[in-house]
Amino acid sequence: MIEEVRIRRVLPDDGAKLYRAIRQSFEQLHRWMFWCHENYSIEETEEWVLRQFKLYEEGLEYEMLIENQDGKILGACGLNHLDPNRCANLGYWVRTDCANAGVATRAVQQLLDWARQNTNLMRLEIVASIKNGPSNAVAQKCGATLEGVARRRLLLPDGFHDCNIYAILLRNDI
């Protein structure tokens, strides 16, 4: 079991460490993450890291890395696709050698606390292929409400997938 799990914002020098975590987990990630393709490169990782650092500064996206107590990158989670309705997409993944250890659940719970304290977002949505059992389990463990199934919602390497749409309401102030 992973002793400590913490999230932190993406920093400009995180590219190489993040790339290693992605490559270590490629066989599982590429099934569920559209960006994780066969020729995925360290340059793509470094571009993503720099873009996320800038978007965080601008308040447009909030991508976080998940680390253990030694600073090893265990995965990532974040809020993206923010819209004027104070809604955002919540996404997450963990490296293969950390799967089924509660890492994603603990990281998402930290991200929810962070979002309540640092944003004015009202609603977070999790879109998970109905075939992605681990991702659906994390959504449920984090208290997300299943609102329905969106047919043919995600295009993944093996074709279009029907997806469960979950929601988490961050506030009760409206």
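In segment 35-45, of all residues being open to solvent by less than 40 Å² (accessible area, probe 1.4 Å) and under 18 Å from Met64 (Cα atoms), the one that is modelled with the highest pLDDT corresponds to Thr45. Those residues that are surrounded by fewer than 17 Cβ atoms within 10 Å (Cβ to Cβ) and not charged (D, E, K, R), I need them from segment 123-132; list them, please. Residue satisfying the conditions is Ile130 alone.
Which count do you get for residues in segment 96-117 that are of a type outside the set (Asp, Glu) and closer than 25 Å to Lys54 by Cβ? Count: 9.
Listed by first and then second residue, the pairs linking a residue in segment 126-146 that is over 17 Å from Asn89 (Cβ atoms) to a residue that is open to solvent by less than 30 Å² (accessible area, probe 1.4 Å) and in a helix (DSSP H, G or I), with Cβ atoms under 7 Å apart and 6 or more places separating them unless they lie on different chains, are Lys141/Thr105. The residues of segment 85-100 that are at pLDDT 95 or above, over 12 Å from the mean Cα position of the chain (by Cα) and open to solvent by less than 30 Å² (accessible area, probe 1.4 Å) amount to a single one, Cys87. Taken residue by residue, segment 138-154 has no member that is surrounded by fewer than 19 Cβ atoms within 10 Å (Cβ to Cβ) and under 22 Å from Leu18 (Cα atoms).
The residue that is nearest to Cys87 (Cα to Cα), among those in segment 46-73 that are surrounded by fewer than 19 Cβ atoms within 10 Å (Cβ to Cβ) and polar (S, T, N, Q), is Asn68.
Of everything in segment 156-174 that is out of contact with any strand residue (DSSP E or B) (no Cβ under 8 Å at 6 or more places or on another chain) and under 29 Å from Glu27 (Cβ atoms), the residue that is most open to solvent (accessible area, probe 1.4 Å) is Asp158. Residue count for segment 1-34 under the criterion of being in contact (Cβ under 8 Å) with a residue 40 or more places away in the chain, open to solvent by 30 Å² or more (accessible area, probe 1.4 Å) and either of a type in the set (Phe, Trp, Tyr) or under 24 Å from Ala115 (Cα atoms) (or both): the result is 12. Within segment 107-122, the set of residues being open to solvent by 60 Å² or more (accessible area, probe 1.4 Å) and farther than 18 Å from Val10 by Cβ comprises Gln109, Asp113, Arg116, Gln117, Asn120.
The values are calculated or read from the model by the stated rules, or taken from the named source; none is laboratory data. Because the structure is predicted, anything quoted here is derived from the model rather than measured. All Cβ positions, even for glycine, are placed from backbone atoms using ideal geometry, and neighbour counts span all protein chains on display. For the accessible areas, the whole protein counts, side chains as well, though only heavy atoms, and no ligand, DNA or RNA atoms are used. Shrake-Rupley method; radii C 1.70, N 1.55, O 1.52, S 1.80 Å.
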